Amino acid sequence: MMWRRAITATAGVLVAAVVLVVDHGPVRAQAGVTGDWDIELTTQTGVTTWQARFEQEADQLGGEIDLGDNEVLSVDGTIEGSTLQFVIIVPDLDGDQPINFEGELAGDTITGAEGKFSWYGTGVWVASRK
């Protein structure tokens with residue numbers, strides 16, 4: 001009788017441990033684009049790297065991109081399936097410069113479409129989840 005209680009108690013602890021492991025999978029398993037990303041923009045003027053924090057809520061995309069030199073810009077965009085589109089507005093003495101981005105999300109990578117990126121020139125971009 002004592003062995004039966006010990007086995008039953010041990011089985012209960014094992015089941016609880018398995019439930020905890022299954023319920024609390026890896027933190028990196030994220031849906032959509034929410035999270036921190038490195039963006040690499042490649043144009044005829046060279047390679048520029050930015051840091052981004054995207055926030056997805058349903059089909060809306062927000063967040064911010066850090067261009068460096070204390071210049072952090074808001075992201076405003078949408079997501080439809082795996083395609084995302086967003087814009088950042090870069091302040092300029094000659095008037096604000098919108099920079100439009102379009103890309104395709106595949107896991108921890110966003111492959112950007114070729115585009116014109118204001119004074120950075122034309123080129124392509126890619127983002128990698130941190």
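The values are calculated or read from the model by the stated rules, or taken from the named source; none is laboratory data. Only a predicted model underlies this, so the values are computations on that prediction, with no experimental measurement involved. Neighbour counts run over all protein chains shown; Cβ positions are idealised from the backbone, glycine included.
Every condition in (1) over 19 Å from T43 (Cβ atoms); (2) at pLDDT below 95; (3) in contact with a strand residue (DSSP E or B) (Cβ under 8 Å, 6 or more places away or on another chain) holds for V72 except the one numbered (2). Just one of the listed residues (W119, W37, W125) is of a type outside the set (D, E, K, R) and exposed (fewer than 13 other Cβ atoms within 10 Å of the Cβ), and it is W119. Pairs are defined by a Cβ separation below 6 Å, a sequence spacing of at least 6 or placement on different chains, a first member in region 90-104 that is within 15 Å of Y120 (Cβ to Cβ), and a second member that is in a loop (DSSP other than H, G, I, E, B) and among the aromatic types (F, W, Y); the pairs so defined are I99/F117.
The set of residues in region 50-63 that are surrounded by 15 or more Cβ atoms within 10 Å (Cβ to Cβ) and either without any contact (Cβ under 8 Å) to a residue 60 or more places away in the chain or at positive phi (or both) comprises W50, Q51, R53, F54, Q56, L61, G62, G63.
Report yes if G25 is modelled with pLDDT under 90 and farther than 19 Å from W119 by Cα, otherwise no. First the steps, then the outcome.
Details: modelled with pLDDT under 90: yes; farther than 19 Å from W119 by Cα: yes.
So G25 passes the test.
Taken over region 120-130, the criterion of being outside any loop (DSSP other than H, G, I, E, B) and either more than 15 Å from T42 (Cβ to Cβ) or acidic (D, E) (or both) is satisfied by R129 alone.
Of all residues in region 79-108, exactly one satisfies the criterion of being among the hydroxyl-bearing types (S, T, Y) and either surrounded by 14 or more Cβ atoms within 10 Å (Cβ to Cβ) or in a loop (DSSP other than H, G, I, E, B) (or both), namely S82.
Would you be able to say whether some residue in region 39-54 is outside any strand (DSSP E or B), under 30 Å from G115 (Cα atoms) and modelled with pLDDT of 95 or more? Scanning region 39-54, I find no residue that is outside any strand (DSSP E or B), under 30 Å from G115 (Cα atoms) and modelled with pLDDT of 95 or more, so the answer is no.
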